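A short worksheet on the structure shown next.
Derivation of every value follows stated rules applied to the coordinates shown; laboratory data play no part. On a predicted model such as this, the values are computed, not experimentally measured, just so you know. Here Cβ is always computed from backbone atoms with ideal geometry, including for glycine, and neighbour counts include all displayed protein chains.
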Amino acid sequence: MAAAEKAQRYEAFVSDVLQRDLRRVQEQRDAVFEQQAQVLQLRSALTRLQDAAAPLRTQVDLGCNFFVNAEVPDPRRVFVALGFGFFAELTLPEALRHLERRSSLLQRLSDSLTRDGAKIRAHIRLVLEVTPPPLLATPLPCRPCSLYLLATPTMLCPSPRACGSCRGCRSPR
C-alpha cells in the first residue's frame, strides 16, 4: 500500500502543483503576447503619424463609446507611458526607438516564459513516466501522446498503438 500512496502523492503533485504552475506561466505568456500586440499597434500608429500633416484631426474616446473631435496642433511630439505612472515627451523617432527596445524586452520575456513552460511540461512528463502504471489511479498516456498532456479531449493520439484511455488520447485501442 505504501507504493500506491506514493503514486497518489505523485499524481497530486502533478495536478496540484505542476499543472497549476504551467497554467500560470501560460497566462503570463499570453499577457506578454497581448503587450507585444499593443506595441506593434502603437508602432504602426506612430509611423502613420510621421507621415501625417500638421495639424492632426482625430476623434478621442471619452469612455462608453462617447467620442469627441480633437485637433493636435503639433503631432511631432508624443507622450509615452514609461510605467509606474511616469510619462516622457518624445519625438516620433525617439518614441519608435523606445518601442523597439520595449518590443525586444517583451520578446526576451516571452521566450523565457516559453522555456519555463517547456521545463514544467518536461517535469510533468517525467513524473508520469517514472511512476509505474499499475500504481496510478488514471492510466498513463502512451509515449507519443504524453506530449499532449494538456491537450483538448478531442485530440487524437498520433501513435499507431494508441492507448485509448489517456488524458490526451481519445482514439480507440
At most 10 other Cβ within 10 Å, DSSP loop - chymotrypsin sites (Phe, Trp or Tyr not before Pro), region 19-111: Phe66, Phe84
Ellipsoid equivalent to region 7-130 - semi-axes via the Cα gyration tensor, in Å: 45, 16, 10
Cα Rg over Rh - region 2-50, Kirkwood: 1.51
At most 14 other Cβ within 10 Å, DSSP loop - GluC sites (Glu not before Pro), region 1-65: none
